[in-house]
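Data first, discussion second: the structure below is written as C-alpha cells.
The values are calculated or read from the model by the stated rules, or taken from the named source; none is laboratory data. What you see is a predicted model; the values in this text were computed from it and never measured. Because the Cβ atoms are built from the backbone with ideal geometry, glycine has one as well, and the counts that use them run over all protein chains shown.
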Amino acid sequence: MPRVSKNKKEESVKMESIKKVSDKGDVAISVVIPLFNEEESIDLLSERLLKTMDALKKKYEVIFVDDGSGDKTPQMLRNLFEKRSDVVRVITFNGNYGQYVAILAGFEHVCGDIVVTLDADLQNPPEEIPNLLKKIDEGYDLVGGYRAKRQDSFFRTYASKIVNSIRAGVTGIEMKDHGCMLRAYKKFIIDEVVKTRETSTFITALAQKFAGNPIDIPVAHDERVAGGSKYNLYKLIRITFDLLTGFSLVPLQVFTIVGMIISSASGIYFFVELFKKVIGHHHGYGLHFAFLFLLLSVLILGVGLLGEYLGRAYFAVCEHPRFVIREILEKKD
Ligand code: UDP
Ligand code: MG
C-alpha cells in the first residue's frame with residue numbers, strides 16, 4: 001500500500017512546482033534515477049553518466065530522486081547539484097516510498113522529449129544510453145533493455161523470473177524484462193503514465209501498454225558497484241501484489257473460479273461421506289480436517305485479495321498523495 005501523508009498542503013506545493021518547471025522547453029533528453037542509500041555509487045555513477053551524456057552534444061537533464069535515504073546520499077546529491085546545476089536536478093522525498101514511486105515523481109518533472117530511466121547502482125551501464133537513443137531515432141517509441149546476462153544473486157534472479165512470468169500471464173503485456181530499469185521512452189508515453197495517477201508500482205508494464213511501437217534490446221548487466229540490493233523478500237512480495245492487483249481483476253476472477261470448483265468438489269465429497277455413513281463404513285477424521293484447512297486457506301487468500309482491491313479503491317477515492325517531496329533543487333532560469 002502506498003504511504004500516506006496527512007499533509008495535503010505539501011502535495012499542492014508539489015503541484016505548483018510541477019507547473020513551474022514544465023516551462024523548460026528545449027531539453028532533448030531527461031534521465032530519471034531513483035536512489036535509496038546509494039552513497040557508495042553516486043560518485044562513479046555521476047562521473048560515467050555525465051560523461052556519456054555530455055558526449056551526445058544534446059541538451060539534457062538528469063533528475064535524481066532521493067527516496068528517503070538515511071546515509072550521505074542527500075548531501076552528495078546536493079554537492080553534485082552545486083557542481084553541475086546546468087544539467088542536474090534533485091528531488092528529495094521526506095520518506096522511503098519505493099523505487100517506482102520515485103521514478104513516477106521524476107516523470108512528473110521531466111522536460112525532455114525523450115525520457116530515460118536508470119538505476120543508481122551501475123548494474124546497467126550508463127554507456128548503454130546512446131544505444132537506446134539510437135533505437136528511438138529509428139522510430140521506436142519505447143526501448144526496453146533486457147539483462148542478457150544477469151549478475152544478481154540466485155534468489156534475486158529467480159524471484160524476478162517468477163514475477164516476470166506471473167506478470168506476463170496476468171496482464172498479457174509482452175515485454176522481455178520488466179525489472180530492467182534501463183529504458184527509453186518518448187515523452188507522450190510518460191505523459192500518459194503520469195496522467196493515470198496510478199498507485200501500482202509497475203510503471204514499466206504500464207508504459208508498455210501505452211507504447212505503439214516498442215522494442216526490447218539486450219543491455220549489459222554488471223554486479224552492483226557497492227552495497228547490496230535494496231530489495232528484501234517483503235518488498236518483492238509487495239511489488240508482486242501491486243502488479244497482480246494493479247493491472248486486472250483476473251486474480252479475483254481466478255479466486256471465484258477456484259471457489260466454485262472447490263465448493264462443487266466439497267459438495268460431492270459431502271454426499272460420498274454421507275453415503276458411506278448410511279452404508280456403515282467407518283474412517284478417521286484426518287481427511288476432513290485437511291479439507292477444512294484447504295477451504296479456510298482459500299477463504300483467507302480471497303479476503304486478502306479483496307482487501308488489496310478495496311485498499312486501492314480507498315486510496316483512489318481519498319486522493320491521498322502518493323509521495324511527499326521535501327525539497328527540489330534546480331537551477332532557476
Ligand atoms: N531504490 C529506491 N527505493 C527503494 C529501493 C531501491 O529508490 O526503496 C533504488 C535503488 O537505489 C536503485 C534502484 O532503485 O537505484 C534499484 O534498486 P536495487 O539495485 O536495490 O534493486 P535490484 O537491482 O536488486 O533490482
Ligand atoms: Mg540493482
request  = Consider only pairs whose beta carbons are under 7 Å apart and that are at least six residues apart or on different chains; among these, list those whose first residue lies in segment 176-190 and is more than 16 Å from Val219 (Cα to Cα) and whose second residue is assigned to a loop (DSSP other than H, G, I, E, B) and of a type in the set (Asp, Glu).
outcome  = Lys186/Asp141; Lys187/Asp113; Ile189/Asp141
message = Restricting to segment 121-169, give me the number of residues that are crowded, with 21+ Cβ neighbours inside 10 Å and among the β-branched types (Val, Ile, Thr).
response = 2
remark   = Quick count over segment 110-120, residues being within 16 Å of ligand 1 (Cβ to nearest atom) and either among the small types (Gly, Ala, Ser) or surrounded by fewer than 24 Cβ atoms within 10 Å (Cβ to Cβ) (or both), is 2
ask   = Considering only segment 100-125, how many residues are in contact with a Leu (Cβ under 9 Å, 6 or more places away or on another chain) and either assigned to a helix (DSSP H, G or I) or more than 16 Å from ligand 2 (Cβ to nearest atom) (or both)?
value = 3
query = Based on what the data block shows, is Tyr234 aromatic (Phe, Trp, Tyr), within 16 Å of ligand 2 (Cβ to nearest atom) and not in a loop (DSSP other than H, G, I, E, B)?
reply = no
message = I'm trying to understand the selection: among the residues of segment 178-188, which are away from ligand 2 (no atom under 16 Å from the Cβ) and buried (at least 24 other Cβ atoms within 10 Å of the Cβ)?
response = Ala184, Tyr185
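Yes or no: Leu301 aliphatic (A, V, I, L, M), more than 30 Å from Asp86 (Cα to Cα), surrounded by 12 or more Cβ atoms within 10 Å (Cβ to Cβ) and in contact with a helix residue (DSSP H, G or I) (Cβ under 6 Å, 6 or more places away or on another chain)? Walk me through it before giving the result.
Working: aliphatic (A, V, I, L, M): yes; more than 30 Å from Asp86 (Cα to Cα): yes; surrounded by 12 or more Cβ atoms within 10 Å (Cβ to Cβ): yes; in contact with a helix residue (DSSP H, G or I) (Cβ under 6 Å, 6 or more places away or on another chain): no.
Taking the combined requirement at face value, the residue does not satisfy it.
In segment 147-161, which residues are within 14 Å of ligand 1 (Cβ to nearest atom) and either within 15 Å of the chain's Cα centre (by Cα) or not hydroxyl-bearing (Ser, Thr, Tyr) (or both)?
Those that are within 14 Å of ligand 1 (Cβ to nearest atom) and either within 15 Å of the chain's Cα centre (by Cα) or not hydroxyl-bearing (Ser, Thr, Tyr) (or both): Arg147, Arg150, Gln151, Asp152, Phe154, Phe155, Arg156, Ala159, Ser160, Lys161.
Can you find, within segment 168-221, the residue that is farthest from the chain's Cα centre (by Cα) among those that are closer than 22 Å to Pro125 by Cβ and of a type in the set (D, E, K, R)?
Here is the first cut: in segment 168-221, the residues closer than 22 Å to Pro125 by Cβ are 175-185, 203-204, 207, 214-221.
Okay, now just the ones that are also of a type in the set (D, E, K, R), so 176-177, 183, 216.
Details: Lys176: 15, Asp177: 12, Arg183: 13, Asp216: 18 Å.
The selected residue is Asp216.
Let's see how each residue does on (1) at pLDDT 95 or above; (2) aromatic (Phe, Trp, Tyr); (3) within 16 Å of Ala105 (Cβ to Cβ):
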| residue | (1), (2), (3) |
| --- | --- |
| Ser5 | no, no, yes |
| Val21 | no, no, yes |
| Ser30 | yes, no, yes |
| Ile33 | yes, no, yes |
| Leu50 | yes, no, no |
| Asp66 | yes, no, yes |
| Phe81 | yes, yes, no |
ask   = What pairs can you find where one residue is in segment 242-255 and free of Cβ contacts under 8 Å to residues at least 60 places away in the same chain, the other is of a type outside the set (A, V, I, L, M) and part of a helix (DSSP H, G or I), and their Cβ atoms are less than 7 Å apart, with a gap of 6+ or different chains?
value = Leu252/Tyr309; Phe255/Gly302
ask   = Yes or no: Val110 in contact with a helix residue (DSSP H, G or I) (Cβ under 8 Å, 6 or more places away or on another chain), at pLDDT 95 or above and closer than 28 Å to Arg197 by Cβ?
value = yes
remark   = Residue count, segment 66-98, condition within 16 Å of ligand 1 (Cβ to nearest atom) and either part of a loop (DSSP other than H, G, I, E, B) or of a type in the set (Gly, Ala, Ser) (or both), comes to 11
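For (1) closer than 29 Å to Leu236 by Cα; (2) at pLDDT below 95; (3) not hydroxyl-bearing (Ser, Thr, Tyr), each residue gets a yes or a no:
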position: Arg84; (1), (2), (3): no, no, yes
position: Tyr100; (1), (2), (3): yes, yes, no
position: Pro130; (1), (2), (3): no, no, yes
position: Ala148; (1), (2), (3): yes, yes, yes
